[in-house]
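The values are calculated or read from the model by the stated rules, or taken from the named source; none is laboratory data. Values in this document were obtained by computation on a predicted structure and should not be read as measured data. Cβ: placed from backbone, ideal geometry, glycine included. Neighbour counts: every protein chain shown.
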Amino acid sequence: MKYTIAVIKGDGIGPEIVNEAMKALDAVGKRFSHSFEYRQVLMGGCALDATGEPLPEETVNICKSSDSVLLGAVGGPKWDTLPGDKRPEKGLLGIRSALGLYANLRPAVLFEPLRDACPLKPNIVSEGLDLLMVRELTGGIYFGERGRRSGKGGEEAYDTESYSAYEIERIGRTAFDVALKRKSRLTSIDKANVLESSRLWREVMHRLSGEYPQVEYEDMLVDNAAMQLVRNPGRFDVVVTSNMFGDILSDEASMITGSIGMLPSASIGVGSLGLYEPIHGSAPDIAGKDIANPLATILSAAMMLRYSFSLTDEANAIENAVYKALTNGYRTSDLASEGAKVVGTRKMGTVVAELI
């Protein structure tokens, strides 16, 4: 089979890590007789430099006409002083909205070879860690009305958290459906004791739970969830929450696994088109030094094979290769430990590709 992938390498370490993901995909293609056509487009800071816009229209059109999208990372201090509508991150929000990608799937898995890198006590993660966060992606405070105004204390800034029942039901159904394919346990996280938007969120989720009697469902306040992630992360299987809460909690979950460089993500909507990216940032301080961890991006490519192309065996091949590379002692500097084979970005990508 032939697949067309729009590739957004982005800023900072983005080009380095995306190159290694493409290397893994090419190894999959060779083994399973697939071909991947890469269509490179601009977004983020590099797009601002080239076109004056963080998300050029050409990029949107090429992404829409592709089978899927692979993204590195965007942003950096070079563009931090620009107004909000010209920031690189505006391109990221824009592409998700333009492609109708309303659900972000973020797995947090503690690989057995990395157990010592987990900052939690061994008894807390004695049974391992394997949870999936389902984050609403195109609504909430990141997309609500915002601005500045005069107030009693002088200048005020405001951002509005707003969700419709439709938006909540849409992400809720995605979460319940994913839970059915795992351990049939779902935790919905909100702040219903304070926020009206969370009270509507909880009402809709309760109604949906009646349609999924096979799924063990619970509500949890976001502050308790933050505590439970470090106290007893094994209690979670699938977690669903709003855009802002999901942004924060998924980063917390990532550090439990030992490194933010290990966590992939998938942004999906209606149909098979999706956008796949690591959850970490562009890390401009280490760009070009061949020390960035490419494994999150490589694992994001595996999620692409699974969710957009329905290529389960091929996705497993990448994930198994990553596990074998770690088992064989290969580590990038963020995962370095005594006795490890510390390698650079390119070497790690080559090791994984060879194991595929």
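Out of region 1-43, which residues are more than 20 Å from the chain's Cα centre (by Cα), assigned to a helix (DSSP H, G or I) and either of a type in the set (Asp, Glu) or within 17 Å of residue 73 (Cβ to Cβ) (or both)? Correct list: 26 only.
Close contacts from region 1-22, counting a first residue that is closer than 12 Å to residue 38 by Cβ and a second that is of a type in the set (Asp, Glu) and at pLDDT below 95, with Cβ to Cβ under 9 Å and a gap of 6+ residues or different chains, come to none at all. Listed conditions (1) within 16 Å of residue 247 (Cα to Cα); (2) part of a loop (DSSP other than H, G, I, E, B); (3) not small (Gly, Ala, Ser) are all met by residue 182, apart from (1).
Determine whether residue 208 is out of contact with any Pro (no Cβ under 7 Å at 6 or more places or on another chain) and within 22 Å of residue 129 (Cβ to Cβ).
So residue 208 does not fit the description; no.
Just one of the listed residues (158, 163, 217) is modelled with pLDDT under 95 and assigned by TED's automatic domain parsing to the domain that holds residue 245, and it is 158. Candidates 117, 165: the one that is over 19 Å from the mean Cα position of the chain (by Cα) and farther than 26 Å from residue 242 by Cα is 117. Residue pairs whose Cβ atoms lie under 8 Å apart, sitting 6 or more positions apart in sequence or on different chains, and linking a residue in region 218-234 that is in contact (Cβ under 8 Å) with a residue 40 or more places away in the chain to a partner that is surrounded by 17 or more Cβ atoms within 10 Å (Cβ to Cβ) and part of a helix (DSSP H, G or I), are 230/256; 233/253; 233/256. For residue 87, the stated conditions hold: it is buried (at least 19 other Cβ atoms within 10 Å of the Cβ), in contact with a Pro (Cβ under 7 Å, 6 or more places away or on another chain), among the basic types (Lys, Arg) and under 26 Å from residue 136 (Cβ atoms).
If you take the residues in region 147-185 that are β-branched (Val, Ile, Thr) and under 24 Å from residue 132 (Cα atoms), which one is surrounded by the most Cβ atoms within 10 Å (Cβ to Cβ)? Spell out the reasoning first.
Restricting attention to region 147-185, the residues satisfying the condition of being β-branched (Val, Ile, Thr) are 160, 168, 171, 174, 178.
Applying the additional criterion that residues be under 24 Å from residue 132 (Cα atoms) yields 168, 171, 174, 178.
Numbers: 168: 26, 171: 28, 174: 20, 178: 18.
Among those residues, the one meeting the criterion is 171.
Among the residues examined, residue 136 qualifies as crowded, with 21+ Cβ neighbours inside 10 Å, out of contact with any Pro (no Cβ under 7 Å at 6 or more places or on another chain) and either in the same structural domain as residue 265 (by TED's automatic domain parsing) or among the acidic types (Asp, Glu) (or both).
Okay, residues lined up against (1) crowded, with 22+ Cβ neighbours inside 10 Å; (2) modelled with pLDDT under 90:
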position	(1), (2)
208	no, no
224	no, no
228	no, no
239	yes, no
254	yes, yes
257	yes, yes
265	yes, no
274	yes, no
288	no, no
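Assess whether residue 114 counts as being within 27 Å of residue 184 (Cα to Cα) and modelled with pLDDT under 85. Considered against the rule, which asks whether it is within 27 Å of residue 184 (Cα to Cα) and modelled with pLDDT under 85, residue 114 comes out as yes.
Here is a yes/no grid of residues against (1) buried (at least 22 other Cβ atoms within 10 Å of the Cβ); (2) within 15 Å of residue 349 (Cα to Cα); (3) of a type in the set (A, V, I, L, M):
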{"residue": "12", "(1), (2), (3)": "yes, no, no"}
{"residue": "17", "(1), (2), (3)": "yes, yes, yes"}
{"residue": "20", "(1), (2), (3)": "yes, yes, no"}
{"residue": "24", "(1), (2), (3)": "yes, yes, yes"}
{"residue": "32", "(1), (2), (3)": "no, no, no"}
{"residue": "47", "(1), (2), (3)": "yes, no, yes"}
{"residue": "58", "(1), (2), (3)": "no, no, no"}
{"residue": "62", "(1), (2), (3)": "no, no, yes"}
{"residue": "65", "(1), (2), (3)": "no, no, no"}
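The set of residues from region 192-225 being among the polar types (S, T, N, Q), touching a helix residue (DSSP H, G or I) at 6+ places or on another chain (Cβ under 9 Å) and not in a loop (DSSP other than H, G, I, E, B) comprises 197, 198, 209. Scanning region 87-103 for residues that are modelled with pLDDT under 90 and hydroxyl-bearing (Ser, Thr, Tyr) yields one hit, 97.
Taking the residues in region 260-274 that are assigned to a loop (DSSP other than H, G, I, E, B) and not hydrophobic (A, V, I, L, M, F, W, C) as candidates, determine which candidate is nearest to residue 303 (Cα to Cα).
Ranking the candidates gives 272 first.
Restricted to region 193-205, and to residues that are hydrophobic (A, V, I, L, M, F, W, C) and buried (at least 20 other Cβ atoms within 10 Å of the Cβ), which residue is farthest from residue 234 (Cα to Cα)?
Taking region 193-205 as the starting set, the residues that turn out to be hydrophobic (A, V, I, L, M, F, W, C) are 194-195, 200-201, 204-205.
Pick out the ones that are also buried (at least 20 other Cβ atoms within 10 Å of the Cβ) and you get 201, 204-205.
On the way: 201: 24, 204: 26, 205: 22 Å.
By that ranking, first place goes to 204.
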